Amino acid sequence: MAELNSSPQNGGGKHKRKKINARVDLTAMVDLAFLLITFFIMTTTLAKPKAMDLTMPDKTGIDTGLPVPASRTLTVVLGKNNKVMYFLGELQKPIIAPLVTDFSANGIRKAIIETNKKVHGSSGKSMIVLVKPSDKSQYSNLVSTLDELAITGIQLYAIVDIAPADVDALKQKGI
């Protein structure tokens, strides 16, 4: 790495101060620098941000929505303690009565898959999911619900405000 030459400069006579020629070999340092640069370039290009696309409605106030058939609408109401209530149809006249489940593999995912099969079998069209987070629910529950919708392949879903009747149903179920 480093090389020191300490040979005298004069052929003889008086001893003068010896000049030391110091030469430092920087090859290893350059190799290390290029390795670090390569490492940081590779890791920054491989780390892509993970985000889910979410389309929000216009805030113009113009209602351009079409009526949603209740027979194809699964309502998912997020409650407290990582619990979720779901029902098919309207709350007053449900096709599938309100049931409480959790976010496990046998929970909301299984309910979405089975309900989607039932709706597709009866109407031949895809299911529409309305997600209604309550004041007691956690943000992670909403994200988990959106992930489950993406996993199960549901194309039509919306995040809507919770109705007072849904809040009352949550209270009756204890969530």
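Does Ser144 qualify as being surrounded by 14 or more Cβ atoms within 10 Å (Cβ to Cβ), touching a Phe, Trp or Tyr at 6+ places or on another chain (Cβ under 6 Å), closer than 25 Å to Lys50 by Cβ and of a type outside the set (A, V, I, L, M, F, W, C)? If you could, list the steps in order and put the result at the bottom.
Details: surrounded by 14 or more Cβ atoms within 10 Å (Cβ to Cβ): yes; touching a Phe, Trp or Tyr at 6+ places or on another chain (Cβ under 6 Å): yes; closer than 25 Å to Lys50 by Cβ: yes; of a type outside the set (A, V, I, L, M, F, W, C): yes.
Against the criterion (surrounded by 14 or more Cβ atoms within 10 Å (Cβ to Cβ), touching a Phe, Trp or Tyr at 6+ places or on another chain (Cβ under 6 Å), closer than 25 Å to Lys50 by Cβ and of a type outside the set (A, V, I, L, M, F, W, C)), Ser144 qualifies.
Which residues, counting only those in region 86-101, are in a loop (DSSP other than H, G, I, E, B) and in contact with a helix residue (DSSP H, G or I) (Cβ under 6 Å, 6 or more places away or on another chain)?
The answer is Glu90, Leu91.
Against the definition (of a type in the set (A, V, I, L, M) and modelled with pLDDT of 90 or more), how does Leu156 come out, yes or no?
Considered against the rule, which asks whether it is of a type in the set (A, V, I, L, M) and modelled with pLDDT of 90 or more, Leu156 comes out as no.
Of the residues Ser104, Ser71, Ser122, only one is modelled with pLDDT under 90, surrounded by fewer than 13 Cβ atoms within 10 Å (Cβ to Cβ) and outside any loop (DSSP other than H, G, I, E, B); which?
Ser122
Counting only residues that are under 22 Å from the mean Cα position of the chain (by Cα) and closer than 22 Å to Pro164 by Cβ, how many does region 90-110 have?
Looking only at that region, the number is 0.
Tell me yes or no: at least one residue of region 134-148 is of a type outside the set (A, V, I, L, M, F, W, C) and under 19 Å from Ser71 (Cβ atoms).
No, region 134-148 contains no residue that is of a type outside the set (A, V, I, L, M, F, W, C) and under 19 Å from Ser71 (Cβ atoms).
Would you check which residues across region 111-131 are touching a Lys or Arg at 6+ places or on another chain (Cβ under 7 Å) and either under 18 Å from Pro164 (Cα atoms) or of a type in the set (D, E, K, R) (or both) and list them? Explain how you work it out, then say what you get.
To start, the set of residues in region 111-131 that are touching a Lys or Arg at 6+ places or on another chain (Cβ under 7 Å) comprises 119, 123, 125, 127-128.
Hit for region 111-131 is Lys125, nothing else.
The values are calculated or read from the model by the stated rules, or taken from the named source; none is laboratory data. The shown structure was predicted, so the numbers you read here are calculated from the model rather than taken from an experiment. Every residue, glycine as well, gets a Cβ built from its backbone with ideal geometry; the counts of neighbours run over all protein chains shown.
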